[in-house]
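For reference, the structure discussed in these notes is given below.
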Amino acid sequence: MRSSQSSKQSRGLTAIDGAMALIVILLMVQIWLLSATLDAYLSGHREVALPGALVSGLLFAVCGALYLFVNRIEASAKNDDAR
Amino acid sequence: MQSEPTRPPLWREEFSVFKNDERYVSRRQLIKFLTLTSMAMFVGNIWILVRGKLQGKAPEPPVIPVAKLGEIPVGGVKLFQYPRAGEQCILVRTGEDAYVAYSQKCTHLSCSVFYSQDSRDLVCPCHEGHFSIRDGSVLQGPPTRPLPAVTLERRNDQLFAIGMTNTGAEQ
């Protein structure tokens, strides 16, 4: 029983680590996107601002979803511990 | 009779998280921080968008006399301020009958560029950025954007600045 809980917890931590790695990658893409959009904007290409903001918003939404996913895993692990 | 709310034991206040949960808490806090950073990037992009929408069209550029024809020798330069006071520009006479003018502010970190007669281009002394004298495009160095060019017009024996291109703002 104890070992099943421990393996579940370990799986949860692996999932959280995976989510964290994905968020880091998305964040790097977002940082690049912001600098590229700013550079293009300062060069006079204002038309890139809208797609840049949309893609950045999408990346932020994915990061937010991953954060909620991590919260859910943590809550389920706590519930298992409490039982 | 009302019972007083029970106060949690001291150890619970000092150590609010069980040891097993610690790994989750540190990861959650890091992910929260990363998500907030992602939000900051998104806000930055929105700021660029809003700024672009609010700025609208730039006002009509002024027309000002810059120099008399033949006032500067071939290969010589004259500094002037355009389109507003404090915005330094450089006029270069590249040939007997050829003049070009650019903003003197480097597009990398705003150092003043100068005309090099040896390399026949505009050079930024701070980080060795080189700009073409023909169109202000970047030849080498860290700048990524061309120098804003001043549009010149000849009226009788006088050169006038009548506008700017590559400024990053709609003309």
- If we count every other residue with Cβ under 10 angstrom of residue B:93's Cβ, Lys/Arg +1 and Asp/Glu -1, where does the sum land? -2
- Message: Test of understanding: what is the full-extension gain from residue B:37 to residue B:94, defined as 0.36 nm times their sequence separation minus their Cα-Cα distance?
- Response: 15.6 nm
- Whole-Hz couplings from phi, Karplus 6.51/-1.76/1.60, listed for region A:14-24; x for Gly and Pro: 4, 4, 5, 4, x, 4, 5, 4, 5, 5, 4
- Inter-chain shielding of A:21-32 (mean C-beta neighbours from other protein chains, 10 Å cut-off): 3
- Calculated P(r) of chain B - Cα pairs past 21 Å, %: 64 percent
- Message: How big is the protein assembly as shown along each principal axis, measuring the range of its Cα positions in Å and listing the largest first?
- Response: 99, 47, 34
- How many lysine pairs in the protein assembly as shown, separated by 8 or more positions in sequence or lying on different chains, have Cα atoms less than 19 Å apart? 6
- Note on the structure: Amide H proximity to residue B:66 below 5 Å, modelled H, separation 5+ or other chain, gives B:159, B:160, B:161
- Which whole number gives the average count of other chain Cβ atoms within 10 Å of the Cβ atoms across peptide B:137-145? 1
- Once you average over the residues of B:47-53, how many Cβ atoms of partner chains fall within 10 Å of each Cβ? 6
- Put a dot 7 Å past each Cα toward the Cβ at residue B:60 and residue B:152; how far apart are the dots in nm? 2.4 nm
- Query: So which chymotrypsin sites (Phe, Trp or Tyr not before Pro) in region B:12-111 end up in coil per DSSP with only 12 or fewer other C-beta atoms within 10 Å?
  - Reply: B:15, B:18
- Query: Once fully extended, how much extra length lies between residue B:22 and residue B:51, figured as 0.36 nm per residue of separation less the alpha-carbon to alpha-carbon distance?
  - Reply: 6.1 nm
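Read-outs: derived from the displayed coordinates by stated rules, not from any lab. Note that the structure is a prediction, hence the values are computed from the model and not measured. Cβ sites come from the backbone with ideal geometry, for glycine too, and all protein chains shown count toward neighbours.
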